[in-house]
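All remarks here apply to the structure that follows.
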Amino acid sequence: MDEFIVYILFSEKYGKTYVGFTSNLIERFKSHNSLSQKGFTKNFRPWKVLHVEFFDNKNDALIREKYLKTGKGREFIKGLIFA
């Protein structure tokens with residue numbers, strides 16, 4: 001059975017957040033912090049994992065990822081950072 005993970009990364013150095021989704025958090029985290037040669041996350045390294053949520057199916061994970069990218073989702077993320 002596959003497991004799907006929605007994650008929030010935080011760059012303390014730049015005050016940036018990134019929301020993503022994967023089925024392999026370790027490899028994805030490595031990609032964001034060192035392997036990737038392009039994309040948004042390359043410009044704001046280093047990243048730390050701020051929050052993770054686990055899902056049994058891809059659809060639920062994608063719904064949560066989309067929510068976290070809305071205004072209300074961003075408020076939730078700010079609450080995690082400034083808690």
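Answer yes or no as to whether K78 is exposed (fewer than 14 other Cβ atoms within 10 Å of the Cβ) and either out of contact with any Gly (no Cβ under 8 Å at 6 or more places or on another chain) or modelled with pLDDT under 95 (or both). Give the derivation first.
Values: exposed (fewer than 14 other Cβ atoms within 10 Å of the Cβ): yes; either out of contact with any Gly (no Cβ under 8 Å at 6 or more places or on another chain) or modelled with pLDDT under 95 (or both): yes.
Considered against the rule, which asks whether it is exposed (fewer than 14 other Cβ atoms within 10 Å of the Cβ) and either out of contact with any Gly (no Cβ under 8 Å at 6 or more places or on another chain) or modelled with pLDDT under 95 (or both), K78 comes out as yes.
Within the stretch 24-83, which residues are in a helix (DSSP H, G or I) and of a type in the set (V, I, T)?
Start the filter on the stretch 24-83 by keeping residues that are in a helix (DSSP H, G or I), which leaves 25-35, 40-44, 58-68, 71-81.
Those that are in a helix (DSSP H, G or I) and of a type in the set (V, I, T): I26, T41, I63, I77, I81.
Can I26 be described as hydrophobic (A, V, I, L, M, F, W, C), out of contact with any helix residue (DSSP H, G or I) (no Cβ under 8 Å at 6 or more places or on another chain) and touching a residue at least 60 places away in the same chain (Cβ under 8 Å)? Full working, then the answer.
Details: hydrophobic (A, V, I, L, M, F, W, C): yes; out of contact with any helix residue (DSSP H, G or I) (no Cβ under 8 Å at 6 or more places or on another chain): yes; touching a residue at least 60 places away in the same chain (Cβ under 8 Å): no.
For I26, the condition - hydrophobic (A, V, I, L, M, F, W, C), out of contact with any helix residue (DSSP H, G or I) (no Cβ under 8 Å at 6 or more places or on another chain) and touching a residue at least 60 places away in the same chain (Cβ under 8 Å) - is not met.
In this structure, is T17 part of a helix (DSSP H, G or I), β-branched (V, I, T), in contact (Cβ under 8 Å) with a residue 12 or more places away in the chain and touching a helix residue (DSSP H, G or I) at 6+ places or on another chain (Cβ under 9 Å)?
Working: part of a helix (DSSP H, G or I): no; β-branched (V, I, T): yes; in contact (Cβ under 8 Å) with a residue 12 or more places away in the chain: yes; touching a helix residue (DSSP H, G or I) at 6+ places or on another chain (Cβ under 9 Å): yes.
So T17 does not fit the description; no.
How many of the residues making up the stretch 39-51 are surrounded by 12 or more Cβ atoms within 10 Å (Cβ to Cβ) and either touching a helix residue (DSSP H, G or I) at 6+ places or on another chain (Cβ under 9 Å) or under 13 Å from Y7 (Cβ atoms) (or both)?
Narrowing the stretch 39-51 to residues surrounded by 12 or more Cβ atoms within 10 Å (Cβ to Cβ): 41-42, 44-47, 49-51.
Next, only the ones that are either touching a helix residue (DSSP H, G or I) at 6+ places or on another chain (Cβ under 9 Å) or under 13 Å from Y7 (Cβ atoms) (or both) stay: 41-42, 45-47, 49-51.
Of the residues in the stretch 39-51, 8 are surrounded by 12 or more Cβ atoms within 10 Å (Cβ to Cβ) and either touching a helix residue (DSSP H, G or I) at 6+ places or on another chain (Cβ under 9 Å) or under 13 Å from Y7 (Cβ atoms) (or both).
The values are calculated or read from the model by the stated rules, or taken from the named source; none is laboratory data. Computed from a predicted model, the values in this text were never measured in an experiment. Every residue, glycine among them, receives a Cβ derived from its backbone with ideal geometry; neighbour counts consider all protein chains shown.
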